[in-house]
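Participant: My questions will all concern the structure given below.
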Amino acid sequence: MDDTALSELLVSEEVVQTLCSVSNSSTLEKSLELLVEASRTAEGRAELASKRVLPTVVELIQSLGFPFGRQFLLWSFRVLRNLCAGEIANQDLFIQGRRIGAIVNVLSNIRKCLDTDYGIIRTGLQVLANVSLAGEEHQGCIWNEIFPQECLALAKVRRREVCDPLCMIIYTCLDGNPELVAEYFSGSGLPIMREIVRTTAEVGFGEDWFKLLISRICLEQPYFPPLFSELAPVGAANSANSEVTGILFSSEQAFLLRMVSEILNERLEEIIVPNDFALCVFEIFKKASGIVNSGIRTNSGLPTGSTAIDVLGYSLAILRDICAQKSQKDSNEEAIDAVDLLLSFGLIELLLCLLRDLEPPAIIRRTVQRGENNEVGTSTSSSKPCPYKGFRRDIVAVIGNCTFGRKHVQDIIRGRDGILLLLQQCVTDEENPFLREWGIWSVRNLLEGNSENQQAVAELELQGGVNTPEIARLGLTVEVDPNSRLVRLVNIS
């Protein structure tokens, strides 16, 4: 860009001379290029801080118009971003005066342009994110400038390059500040998070800040229920008594459950979920389980592309991982265990009912259809198909996790005639990968340390009720020691 064009951008000669002098260059363009490179290292940032370059760069950004100064703006924001990357002197300079407000105002004006530049907005937000890492004072200054209006406006921009740094800013400002978190969700925080989830569901995310933010809000803080409700489709609340269909859930709700499921599975040893979260997910699962009665079958695992089925599957996956967590009672005898809470609300009864209503595994269905097992009396006319590949396996996995070391759960299953039902899940099923492994795990947990359950299996074995043709044919047998009467589950395939 020549000097005439530069003069049209209303950049003062003093600003140009200052930056050229610091960078030992003859043009503003070259100066900014050199400053970008110099500010990449800690030594370079410290040297530029001693020369107080940051105020001049902010002044340059304020004077550059958009879109005519597009390239100069991008270079200037890159310099500013690098200057504020871990250099406290520059971070302190940035929050002095009205520099934060000036930068936010420039970004807002660019955002409102028809020919907006999301690369500049991203770099500008990275400036704010870098400064927010300096501490509580810096976070407060930034928060006061962008919350709530600018946060909400940026969250509505359906661009990954905008959403990623916005999540970083919000996460950093809220981290370690429970008072601000409470204030956030008592005011405009839910609409902002709603738009962030919608944006991410549509365009994805390139950095982990979104997952960190969701983890903090939904798994470590009690704000999953209100956020899930905020994402509900219009009119869903009035459809509560109707048959569960996709309209009862939004694709954003399914996406949120998917993210929460992934995060919980990744951090299973780190996070003990709040009981309110566990109960909320169970209620979602109960509501979504009505889709099983519709007889819909998809040909894939999660995600299936069906909102209702994805909600069903991801809520079930979350319950599986909740029930796999170490009990809170180990560290606090008075704590209410999430699994016991779920059990008190009928988790096992619902899962056994769903499992019992499903059609037999594919290999058994084919055997029945060939007429080889007519004596078993298995009828599939009223049975329901698995709505997605892995549904049966996931039910068995939840039951298996619940029975581990919990005698009262083992007793519930026996009382609900669930022992034989679980034995019948110890088969290979192409529609439910790893069903056999989860089935064996569940039966072992069901029998371990429970003489009543072992005796029940022994009686079934003596009556010929355990080693049914479909189980024996598929490589599984139950053996009862004639002396001790203890039961062993044996693979014979």
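The values are calculated or read from the model by the stated rules, or taken from the named source; none is laboratory data. Just so we're clear, the structure is a prediction, and the values are computed from it rather than from any experiment. Cβ coordinates were reconstructed from backbone atoms using ideal geometry, including for glycine residues, and neighbour counts include every protein chain displayed. Quick note on the areas: whole protein, heavy atoms, side chains included, nothing else; ligands and nucleic acids left out. Shrake-Rupley method; radii C 1.70, N 1.55, O 1.52, S 1.80 Å.
Participant: Would you mind calculating the gained length between E437 and I363 on full extension (0.36 nm times residue separation, minus the Cα-Cα distance), in nm to one decimal?
Facilitator: Taking E437 through I363 to full extension adds about 25.0 nm, to one decimal.
Participant: Order of 446-455, 274-283 by packing, highest average Cβ count within 10 Å first?
Facilitator: Order by mean packing, descending: 274-283, 446-455.
Participant: Considering amide H positions built from the backbone, and no H for Pro or chain starts, which residues 5 or more places from L268, or on another chain, come under 5 Å of its amide H?
Facilitator: Correct list: empty.
Participant: Let me make sure I get this right: for the stretch 1-117, a, b and c are the square roots of the gyration tensor eigenvalues over alpha carbons, sorted descending. Under 1.5 in a/c it's rounded, otherwise prolate if a/b > b/c, else oblate. Which is it?
Facilitator: Cα axes put the stretch 1-117 in the oblate bin.
Participant: Output wanted: per-residue J couplings in Hz (rounded whole) for the stretch 32-38, from phi through Karplus 6.51 cos²θ - 1.76 cosθ + 1.60, θ = phi - 60°, x for Gly and Pro.
Facilitator: So the Karplus estimates, Gly and Pro as x, are 5, 4, 5, 5, 4, 5, 5 Hz.
Participant: Given a 1.4 angstrom probe, what's the average accessible area per residue across the stretch 1-144, in square angstrom?
Facilitator: Value returned for the stretch 1-144: 47 Å² of accessible area per residue.
Participant: Between R267 and L341, what is 0.36 nm times their sequence separation minus the Cα-Cα distance? Round to one decimal in nm.
Facilitator: In short, 24.5 nm is gained.
Participant: Between their Cα atoms, which of K286/K326; K156/K287; K211/K287; K30/K51 are more than 22 Å away from each other?
Facilitator: K286/K326; K156/K287; K211/K287
Participant: How long, wide and thick is the stretch 243-307, going by the Cα atoms along their three principal axes, in whole angstroms, largest first?
Facilitator: 38, 24, 18
Participant: Using the heavy atoms of the protein chains alone and a 1.4 angstrom probe, what is the accessible area of the stretch 153-280 per residue in square angstrom?
Facilitator: Result: 41 Å² of accessible area for each residue.
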